[in-house]
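Coordinate-derived values only; no laboratory data. None of these values were measured; they are calculated from a predicted model. Note: ideal-geometry Cβ built from the backbone for every residue, glycine included; neighbour counts use all protein chains shown.
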Amino acid sequence: MTTPLNTLKYALPDEDTTVVLAQRLAELACGRAPGGPAAGGRIHLRGELGAGKTTLARALLRAGGVTGRIKSPSYALLESYNVSNLYFYHFDFYRLRDTHEWLDAGFDEVLGEHAIFLIEWPEQAGDRLPPPDLDIHLEYNGTGRAAHLTACSEKGQQWLTYLDPPRR
Ligand SMILES: Nc1ncnc2c1ncn2[C@@H]1O[C@H](COP(=O)(O)OP(=O)(O)OP(=O)(O)O)[C@@H](O)[C@H]1O
Ligand SMILES: [Mg+2]
């Protein structure tokens, strides 16, 4: 038996390489990867301000078929999209204030759906979030970035197996 793949590191020297990674993740999340798992999944995007979380999320949504403007959810906290039978929820919890805001916005309900979730600043939501399939930690690396991908579920492991070796 081979050991499941739990972590993968990507060098992202420029924005274009981030977009390529996002496109490959979109294939997986949308269930389009040959031999890959079914559509749906949760991705947490972590990293300091400007690390490239929204860039990755936006490119994934675009590759997933979202047309038109893709706004950063930094003020609304959530932007959602529907492409044929797929639902995408893009959260940014940087400005999340308290439990009331969470409940009023109906986030518990939304998070229970079968969909594709992209969540920036998940740490701001404390323990209210279900665990992700994949955790992506972006960090500055010279003028570019590096991405640390960690599988947190069997689906996440299947994704990483598909992504390895990194293609650029
Ligand atoms: N791999 C990369 N190499 C160099 N620059 C990048 C890379 N990925 C994204 N950037 C640039 O980093 C800047 C900030 O990106 P972005 O808004 O996606 O960050 P963020 O992590 O969402 O920040 P925030 O926490 O403020 O929402 C953008 O100008 C983007 O072009
Ligand atoms: Mg952002």
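Structure data summary
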read-out: Of the GluC sites (Glu not before Pro) in the stretch 1-90, those whose Cβ has at most 11 other Cβ within 10 Å and which sit in DSSP loop; value: 48
read-out: Qualifying trypsin sites (Lys or Arg not before Pro) for the stretch 23-62 [loop in DSSP, other Cβ within 10 Å: at most 14]; value: 32
read-out: Where only C-alpha atoms are counted, convex hull volume of the chain per residue in Å³; value: 117 Å³
read-out: Partners for residue 155 among aspartates and glutamates (Cα-Cα distance below 14 Å; same-chain residues under 8 apart left out); value: 27, 133, 135
read-out: Footprinting exposure proxy for 75, 94, 140 (fewest neighbouring C-beta atoms within 10 Å first); value: 75, 140, 94
read-out: Length added when fully stretched, residue 137-residue 75, from 0.36 nm per residue minus Cα-Cα; value: 20.1 nm
read-out: For the chain, with +1 on Lys and Arg beta carbons and -1 on Asp and Glu, the positive-most of 54, 84, 17 along the dipole; value: 17
read-out: Among 131, 122, 34, residue whose mean-square fluctuation peaks in a GNM of the chain (springs only between Cα atoms under 10 Å); value: 34
